Amino acid sequence: MILKNTSEIDIVRANSTKINDVDFENLTFGSVFTDHMLVCDFKDGKWEKPVIKPYEPFLIDPSAKVFHYGQAIFEGMKAYKDENDDVWLFRPDENFHRFNKSAIRMAMPEVTEEIFIDGLKTIIDLERDWVKKGDGNSLYIRPFMIAIGSGVIANPSTQYRFMIILSPARSYFAGEVKVIIADHYSRAANGGIGAAKAAGNYAGQFYPTKLANEKGFQQVIWTDDATHTKLEEAGTMNVFVRINDTLITAPISDRILDGITRKSLIDIAKRDGIKIEERSVLVDELLTAAKNGSLKEIFGAGTAAVVSPIVGFSCQDVYYELPKIENSFANDIKDKLTKIQYKQAEDTFGWMVKI
Ligand SMILES: *Cc1c(COP(=O)(O)O)cnc(C)c1O
């Protein structure tokens, strides 16, 4: 994909940079932001001209719909710097299309490619010093949209704000992740908003995840809301299960977020002859496989951590430990994907887009 140069974005530069105050070796994920942000408002049925300006808080009316009715969506992506100091995005068109799918589901206006893609290009180009070289370093990108129209009447807003903020990140290691398989709470339901990257999906997960934390587990594996018999997602990541030498991941549905990491891992597996199936994994199948030793791995997949191995799971209050294996599929496939992202391996799929 070719990124267009654009004069359609106004830039107001910060007077000074915060970059010298940042300890890039000790970053807490998502807590430090770069000098600038992109802002673009939707009003009177159309998008205004985007502006990049110094990162700062802003005022919104207390009756803004985002506070009362939760019209809020986001994306999560990363920029990488290679050894030649070139900066790259990974499949940004996928994030762009998914963002607009989320917008449609939440009765919000779609953004244009000029705003989303050219906006990304322009702000990341301006902040390229914040993208550090070296394994595990990246710039986490958070495009989002909120309803800023005022009035506590329950209908869609007529005014919205689209923004892009950027946060330098180190490789994200969640530690040893133990999970509980959900048998009561659900992340998403048929016909619901589980396939949208909507802020409320996260709010709804916090309480059941807190209950899991109190029992010593880091995350919840979500199951289908109707029967709680099928594995769907792991926390805020898609989930992969390895039984013998086959990787299995749930098919995309109303209840499952169409993860870009997930679909990229599937493509890499197919390219490299790893057996991969897109089908539902039953909780019963998982228990049988855990008991007879054919269950080798479970891992989550998503942009922030790329691949997050799970060391054990609890189901109906019984804990099952996963075997410690060498040459795990999780490590292998993560390595293959990150090498493409850092331009250390050939990008046979044409996924990388240069800034
Ligand atoms: C964002 C997200 C994912 C992962 O998507 P990626 O595009 O791979 O980052 C998976 N599940 C949920 C619920 C998500 O919100």
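Over 29 Å apart at the Cα level, from the set 81/230; 230/270; 215/263; 101/132; 53/334; 210/275, are 81/230; 215/263; 101/132; 53/334; 210/275. For segment 152-299, the share of DSSP beta bridges that are antiparallel, to the nearest 5, is 70%.
Find the relative contact order for segment 2-169 and round it to a whole percent, using C-alpha pairs within less than 8 Å whose residues are 6+ positions apart. With pairs under 8 Å counted, the relative contact order is 33 percent. Estimated from the Cβ-Cβ distance and a Förster radius of 30 angstrom, the FRET efficiency linking residue 85 and residue 345 is about 0.95. Calculated on the alpha-carbon coordinates, the convex hull of segment 194-351 measures out at 120 cubic angstrom per residue.
Evaluated with a Cβ-only charge set (Lys, Arg +1; Asp, Glu -1), segment 11-120 carries a dipole of roughly 540 debye about its Cα centre, given to the nearest 20. Between residue 324 and residue 275, the contour length at 0.36 nm per residue exceeds the alpha carbon distance by 15.6 nm.
With helices as the sole contributors, the chain gives -6500 deg cm²/dmol at 222 nm; each DSSP H run of n ≥ 4 counts as -39500 (n - 2.57), and the sum is divided by every residue. As a ratio to 2.2 N^0.38 Å, the alpha-carbon radius of gyration for the chain is 1.02. As a length-normalised measure over Cα pairs under 8 Å and 6 or more apart, the relative contact order of the chain settles at 18 percent. Could you give the distance between the Cα centres of segment 314-354 and segment 75-154, to the whole Å? A separation of 23 Å, based on Cα centres. Please identify, among 143, 309, 57, the residue showing maximal mean-square fluctuation in a Gaussian network model of the chain using a 10 angstrom Cα cutoff. Of the options given, 57 has the highest mean-square fluctuation.
Across the options 286, 308, 276, the greatest Cα extent toward the positive end of the charge dipole of segment 270-326 (unit charges at beta carbon of Lys, Arg, Asp, Glu) belongs to 276. Normalised by 2.2 N^0.38 Å, where N is the number of residues, the C-alpha radius of gyration of segment 93-197 stands at 1.37. For segment 253-333, applying the loop criterion from DSSP together with a ceiling of 10 other beta carbons within 10 Å to the trypsin sites (Lys or Arg not before Pro) yields 279, 324. Projecting the Cα atoms of 9, 37, 146 onto the charge dipole of segment 2-169, computed from C-beta unit charges around the Cα centre, puts 146 farthest toward the positive end. The Kirkwood hydrodynamic radius of segment 208-295, based on inverse pair distances between different Cα atoms, is 13.9 Å.
Calculate the dipole size of the chain relative to its Cα centre from +1 charges on Lys and Arg beta carbons and -1 charges on Asp and Glu beta carbons; express the result in debye to the nearest 20.
Dipole size: approximately 220 debye.
In the chain, taking the dipole from charged Cβ atoms about the Cα centre, the farthest positive-side position among 124, 211, 190 is held by 190.
The numbers here are math on the coordinates, done by the rules we state, and not lab data. For clarity, every value in this text was computed on a predicted model and none was experimentally measured. Every residue, glycine among them, receives a Cβ derived from its backbone with ideal geometry; neighbour counts consider all protein chains shown.
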